[in-house]
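**Student:** Below is the structure I would like to discuss, written out as structure tokens.
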Amino acid sequence: MPAALPVNLNEGTGITRDVSASGVFFETDVNYAAGSEISFSIELQGPAGKLMLKCKGQIVRVEERDGKVGVAAKIIESQLEAIS
């Protein structure tokens, strides 16, 4: 589903464009290579406050989009944590 959520990366930040249970597409200024592993966190707003979805994944596609780097990643592992 389309969603514009903040993404925290090891080397920068990004904004999601599409999110599903199995993957995510986000835009960033950081270059990545298809096939590489990636760790990232997505900030979510829950009824009780902010949540952080911490993910490990594999990059399946990288494309240039309007001066940004578009990254499609398959989520391999995820954990939801409350932010205090």
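The values are calculated or read from the model by the stated rules, or taken from the named source; none is laboratory data. For clarity, every value in this text was computed on a predicted model and none was experimentally measured. Cβ: placed from backbone, ideal geometry, glycine included. Neighbour counts: every protein chain shown. All accessible areas refer to the heavy atoms of the entire protein, side chains included, with ligands and DNA or RNA removed. Shrake-Rupley method; radii C 1.70, N 1.55, O 1.52, S 1.80 Å.
**Student:** What residues qualify as long-range amide H neighbours of residue 5, i.e. H under 5 Å apart, gap of 5 or more or another chain, H built at 1.01 Å from N?
**Tutor:** Amide H neighbours of residue 5, under 5 Å, 5+ apart: 16.
**Student:** Expressed in nm to one decimal, what extension gain is obtained for the pair residue 59 and residue 15 from 0.36 nm per residue of sequence separation less their Cα-Cα distance?
**Tutor:** Fully extending the segment from residue 59 to residue 15 adds 14.3 nm.
**Student:** Using a simple charge model, +1 on the beta-carbon of Lys and Arg, -1 on the beta-carbon of Asp and Glu, nothing else, what dipole does the chain show about its Cα centre, in debye to the nearest 20?
**Tutor:** Dipole of the chain, to the nearest 20 debye: 180 debye.
**Student:** Which FRET efficiency value, to the nearest 0.05, is calculated for residue 81 and residue 29 with the Förster distance at 25 angstrom and r the Cβ-Cβ distance?
**Tutor:** The formula returns an efficiency of 0.45 here.
**Student:** Then there is this: Ignoring any ligand, DNA or RNA, what whole percent of the accessible area of the chain comes from carbon and sulfur when the probe is 1.4 angstrom?
**Tutor:** Answer for the chain is 50 percent, counting heavy atoms of protein chains only.
**Student:** Please compute the per residue accessible area over the chain with all protein chains in place, 1.4 Å probe, rounded to a whole number of Å².
**Tutor:** About 62 Å² of surface per residue is accessible.
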